[in-house]
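S.K.: Sharing a structure with you now.
Where a number appears in this text, it was derived from the coordinates with a stated rule and is not lab data. Note that the coordinates shown come from a computational prediction; the quantities given were computed from them, not determined experimentally. Cβ coordinates were reconstructed from backbone atoms using ideal geometry, including for glycine residues, and neighbour counts include every protein chain displayed.
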Amino acid sequence: MPLPTPSPTQAAPSLPRVPLEQIDVRALSKEKIRELFRTGKLPTVEAIVEEIFMRATKMGAADIHFEPIEGELRVRLGHEGVLKRLVSLTSDMNDNIMSVLKTRAGLNQFEKKKPQEGRYSSSYHGEPLDFRVSIIPVLNGERAVVRILRKTSQIARVEELGLSLYNLEQIRILLRQPKGLFLVTGPSGSGKTTTIYAALNAVESPEKCVITVEDPVEYRLPYASQVQLPSDRSFNFADALRAILRQNPNVILIGEIRDAETGIVAAEAALTGNLVLSTMLADDALGAIHRMLNIGIQPYWLASTMVGVIYQQLMRKICADCKEEYQPAEEELKLIAPYLPEGDKVFCRGKGCPQCEGTGHKGRTAICEIVSVSPKLRDLIFLRGSILEMREEASNYGFSGVRVDAAQKVAYGLTSIAEFVRVLG
Ligand SMILES: [Zn+2]
């Protein structure tokens, strides 16, 4: 089977130029591929990588995984929280592929024993994108993940995050506070950044001085001064924050609180009268409060500055083109029953169609839980109360967990029980 020669003049930028399907080791034997290589009919590694990037960016993937596994170099795309195999290349391409990725991200070609990280910018399909490349040595070679960061200038408003009316109102109340610490938490890839920018958009005004410190800057804000951490690490979040405080800001956005030092300076900034917005990895909203205490922030500081915490995750929505109503079986219903709202419920699922590539899901929505720090909860933070005590107090104050929010979206037929179980267990 001869491979068509890719012709750049012929192909439109968004059309596949390398027929990946024809060099897939799961479709074609390795010998056949080696023969193509020997006869010069195999596309160059550079062209193969470019084709993978073209396809990943076209479908809106969040990341590309290059994984050397038994007998192949598997390439998978992460899209809406789920990995999907794109192509399997021969294992002997691993070195060359890594070499192309290292060149693009400005990494050391000869380093194969230590993890490396780099980033670069490029445009695909007319859209400027940032790529973060992470390479780690594994048993069969090196494994790379390329995260694709979209520099969308369009920042969501809090109304566009897909929050329930109740949660939206909660956030609006929290953001009316002139000072304090406001955290958005969740696992990685849960849309924290989108939410924190939307929150910043909601509080900014021409009378306020807004300064951000980010690693890297993901959205350009017309009204703020943005500090990007240098790639040589000559200063960190905490250094930048200390300097920012001398510039008399009103609102500070910190990309992420990853360590004690940043957490402490963030609390200090909130204590001196700033509204500080930041993100943090955590398992739930109250867990974030405990994590702040555990990394060494004084309970007194946290108690007097914490305004509220949002914990969020993303769930796939049912594809609108193949959605159908159905009556779930008793067993299935049991998984979600404790969290379902009262009243009428419409259970739906996606049959699978070409629009959703047979998955039955398309697009995502945020599910969340919000803790507003009540006076009593403030006391509990000061006394380092247990999560259980904090949960009880928060519940008295209107807190309901992320499962309740997710179940509500299932009951409205927006997402499915299967998706609820996939995301929340
Ligand atoms: Zn569909």
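S.K.: Only Lys, Arg, Asp and Glu count, each charged at its Cβ (+1, +1, -1, -1), so figure out the dipole size of region 24-113 about its Cα centre, rounded to 20 debye.
M.R.: 100 debye
S.K.: Region 72-161: which GluC sites (Glu not before Pro) are DSSP loop and have at most 15 other beta-carbon atoms within 10 angstrom?
M.R.: E111
S.K.: Something else about it: Choose one of A394, L168, S88: the residue whose Cα lies farthest towards the positive end of the charge dipole of the chain (beta-carbon charges +1 Lys, Arg; -1 Asp, Glu; about the Cα centre).
M.R.: After comparing all options, I get S88.
S.K.: Right, next: What dipole magnitude, in Debye to the nearest 20, does the chain give about its Cα centre under +1 on Lys/Arg Cβ and -1 on Asp/Glu Cβ?
M.R.: Computed about the Cα centre, the dipole is about 660 debye.
S.K.: Given only helices, namely DSSP H runs of n ≥ 4 each adding -39500 (n - 2.57), what is the per-residue ellipticity at 222 nm of the chain, to the nearest 500 deg cm²/dmol?
M.R.: Only helices count here, giving -9500 deg cm²/dmol.
S.K.: Past 28 Å, Cα to Cα: identify those pairs from K208/K376; K334/K376; K58/K114; K112/K192; K41/K114; K84/K409, in the order given.
M.R.: K208/K376; K334/K376; K58/K114; K112/K192; K41/K114
S.K.: I'd like the orientation of helix 165-175 relative to the chain: the angle between its Cα long axis and the longest Cα principal axis, in ° from 0 to 90, rounded to 10.
M.R.: So the inclination is approximately 70 degrees.
S.K.: Still on this structure, I have one more. Could you please state, rounded to a whole Å, how far the C-alpha centre of region 336-395 is from the C-alpha centre of region 279-323?
M.R.: Using only Cα atoms, the two centres lie 12 Å from each other.
S.K.: If you don't mind, another one. What number, in nm² with one decimal, is the all-direction average of the projected area of the convex hull of the alpha-carbon atoms of region 158-424?
M.R.: 15.6 nm²
S.K.: Would you work out which of Y412, I97, L183 lies farthest towards the positive end of the dipole of the chain? Charges go on Cβ: Lys and Arg +1, Asp and Glu -1.
M.R.: The Cα lying farthest towards the positive end belongs to I97.
S.K.: Shifting gears a bit: Using a Gaussian network model on the chain with a 10 Å cutoff between Cα atoms, which of A243, A285, A61 fluctuates the most?
M.R.: A243
S.K.: A further question on this structure: Among the GluC sites (Glu not before Pro) in region 335-411, which ones are in a DSSP loop with at most 11 other Cβ atoms within 10 Å of the Cβ? Mind listing them?
M.R.: Here the GluC sites (Glu not before Pro) that fit, given the DSSP loop and packing criteria, are E342.
S.K.: Can you list which of the trypsin sites (Lys or Arg not before Pro) found in region 16-57 are DSSP loop residues with at most 12 other C-beta atoms within 10 Å?
M.R.: R26
S.K.: Using mean Cβ contacts within 10 Å as the protection proxy, how do 199-208, 271-280 order, highest first?
M.R.: Result, highest mean first: 271-280, 199-208.
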